[in-house]
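Q: Starting off with a structure, shown below.
The values are calculated or read from the model by the stated rules, or taken from the named source; none is laboratory data. As the structure is a prediction and not an experimental result, all values here were calculated from the model. Cβ sites come from the backbone with ideal geometry, for glycine too, and all protein chains shown count toward neighbours.
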Amino acid sequence: MDGTLTKNDLSHVVEADRAHVWHHLIQHKPFETNDPRIIVEGKGMRVWDQKGKEHLDAVSGGVWTVNVGYGRESIAKAVYDQLIKLNYFAGSAGSIPGALFSEKLISKMPGMTRVYYTNSGSEANEKAFKMIRQIAHKRYGGTKHKILYRDRDYHGTTIGCLSAGGQDERNAQYGPFTPGFVRVPHCLEYRAGDQGAPTENYGEWAADQIEQVILREGPDTVGGLCLEPVTAGGGVITPPQGYWDRVQEICRKYDILLHIDEVVCGVGRTGTWFGYQHYGVQPDMVTMAKGVASGYAAIACLVTTEDVFSMFKDNADDPMNYFRDISTFGGCTAGPAAALENMRIIEDEGLLENTTEIGHYMLDQLHALADKHAVIGNVRGKGLFLGAELVEDRETRKPMAEKRVQKVVADCMQQGIIIGATNRSLPGYNNTLCFSPALIATKDDIDQIIASVDEALGREFA
Ligand code: PMP
């Protein structure tokens, strides 16, 4: 750390935090006796806490966000320059960074043409749901209003997004939910047996389950299908062979808008600009958030095709016929200014290529770890977005108890390596270790992460 904060300053911060901050995702009782963790500083792949302890961050800021790493002065400068010129203007006006970032983004998304700015992944998904609903009203008298979502996928924290949430423990206690959202089965090949799936052509079978739901509900009632390209918090689920081709076919067959949630995978995480680009699929709507500006500013977007956009442009004399929606902080200029520089960095430093190369390396290392530790039942992922599912028994695939998985995470933390785990979201399936280092990771960083997991597994499951 640079030492600008004294020990006294920091203990004041800890006490202020303990007294007043309500942290995300955690029960606070332990903070009565243990200090909350405050992250003070970051540089590259590393962060320092209030005790000055250095950590190698294998989860990009906890939730897959800081894709280009910490301490990027050029992003800070781009934001500063923009803020002193114009920080904000909203309503129906545009901005210089908003226009330039949208042009850059669209250049990486063939088939897409329009960018709608918001400030969180949940909000971007809400906008997509609203567009699907408005199209149902415009085109089908409101009948084609149902939105399908998948078991284990997550789309955000609002009641609307939880209504489309496939992680039951995250939803428990927050109902009743919004009607018109319908669940389809997951596509995790490792657990195909639990679904009674055939042993061959699982990908097509899993996609066919979506068609079964559409037929059950009535195709003229279903307007949208919302999927993560690679499921994130639900277990780092890479889609099986043949899955996306069938999904696209089904959407076209029943005139269903395909909305892909790239909040985690978007902007390089899997080694392509967007996760769906691995699978040759053409979405109608794409939402993104975390990696868009790597956490240097809050920005999220919903990107659509011209077909979707033009439905809101026809009948210009009808006063109801436009997207009747706004996001106050969609008018902040810091977001697109940071996002533009973030994309420049990814391009100029070859970070997509690095993600592919280092991602393959890390996947190989995780497989080698699985050869050594029987508790690793399955390894999966894409690019620098990887998971290792822990089981009590490889034969039965019984999920490892969450407490023991969390012990591995805590052990790595002790060693100065921050890893993640699917956590308090899936009843019985909080058992996958998650890795998502920044796209700048080197083989040396990966070796350190793998060595710490190796040590932790050895200690916990000897
Ligand atoms: N979609 C996915 C796939 C996510 O993982 C998340 C957040 N973890 C969201 C949407 C919601 O994003 P936010 O927290 O920015 O609202």
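Q: Where in the range 363-442 are there strands (runs of 3 or more DSSP E), lying wholly inside it, with at least 3 residues that are closer than 26 Å to Gly42 by Cβ?
A: The qualifying strands (runs of 3 or more DSSP E) are 385-393, 432-435.
Q: Looking only at the range 284-317, which residues are of a type in the set (S, T, N, Q) and either in a helix (DSSP H, G or I) or without any contact (Cβ under 8 Å) to a residue 24 or more places away in the chain (or both)?
A: Ser310, Asn315
Q: Pairs, please: C-beta under 7 Å, at least 6 apart or cross-chain, first residue among the polar types (S, T, N, Q) and in the range 107-136, second away from the ligand (no atom under 15 Å from the Cβ)?
A: That search, which allows pairs on different chains as well, returns Thr113/Ile106; Thr113/Thr305; Thr113/Glu306; Thr113/Phe309; Gln134/Phe323.
Q: If you don't mind, there's one more thing I want to ask. Got a number for residues in the range 142-175 being within 15 Å of the ligand (Cβ to nearest atom), among the charged types (D, E, K, R) and under 25 Å from Phe323 (Cβ atoms)?
A: 1
Q: In the range 262-282, is there at least one residue being among the charged types (D, E, K, R), away from the ligand (no atom under 15 Å from the Cβ) and not in a strand (DSSP E or B)?
A: no
Q: Confirm whether Glu189 is of a type in the set (Asp, Glu) and out of contact with any Leu (no Cβ under 9 Å at 6 or more places or on another chain).
A: yes
Q: Return yes or no: is Gln209 more than 23 Å from the chain's Cα centre (by Cα), in the same structural domain as Tyr154 (by TED's automatic domain parsing) and either more than 16 Å from the ligand (Cβ to nearest atom) or surrounded by fewer than 18 Cβ atoms within 10 Å (Cβ to Cβ) (or both)?
A: yes
Q: Considering the range 100-141 alone, what residues qualify as being within 18 Å of Pro219 (Cα to Cα) and within 13 Å of the ligand (Cβ to nearest atom)?
A: Phe129
Q: Inside the range 212-267, can you point out the residues that are at positive phi, touching an Asp or Glu at 6+ places or on another chain (Cβ under 8 Å) and surrounded by fewer than 24 Cβ atoms within 10 Å (Cβ to Cβ)?
A: Answer for the range 212-267, where residues must be at positive phi, touching an Asp or Glu at 6+ places or on another chain (Cβ under 8 Å) and surrounded by fewer than 24 Cβ atoms within 10 Å (Cβ to Cβ): just Gly242.
Q: Please find, among Val79, Val59, the residue that is surrounded by 14 or more Cβ atoms within 10 Å (Cβ to Cβ), β-branched (Val, Ile, Thr) and not assigned by TED's automatic domain parsing to the domain that holds Thr328.
A: Step by step, each of Val79, Val59 is checked, and only Val59 is surrounded by 14 or more Cβ atoms within 10 Å (Cβ to Cβ), β-branched (Val, Ile, Thr) and not assigned by TED's automatic domain parsing to the domain that holds Thr328.
Q: On to the next question. With the structure loaded, tell me whether Lys290 is closer than 23 Å to Arg114 by Cα, basic (Lys, Arg) and either within 14 Å of the ligand (Cβ to nearest atom) or out of contact with any helix residue (DSSP H, G or I) (no Cβ under 7 Å at 6 or more places or on another chain) (or both) or whether it fails that test.
A: So Lys290 passes the test.
Q: Hey, another quick one. Quick one: how many residues across the range 78-99 are aliphatic (A, V, I, L, M) and within 28 Å of the chain's Cα centre (by Cα)?
A: Residues meeting the conditions: 6.
Q: Could you list all residues from the range 212-253 that are assigned to a loop (DSSP other than H, G, I, E, B) and either within 16 Å of the ligand (Cβ to nearest atom) or of a type in the set (Val, Ile, Thr) (or both)?
A: Glu228, Pro229, Val230, Ala232, Gly233, Gly234, Gly235, Val236, Thr238, Pro239
Q: Among the residues of the range 142-166, which ones are of a type in the set (A, V, I, L, M) and assigned to a helix (DSSP H, G or I)?
A: Selection gives Ile159, Leu162.
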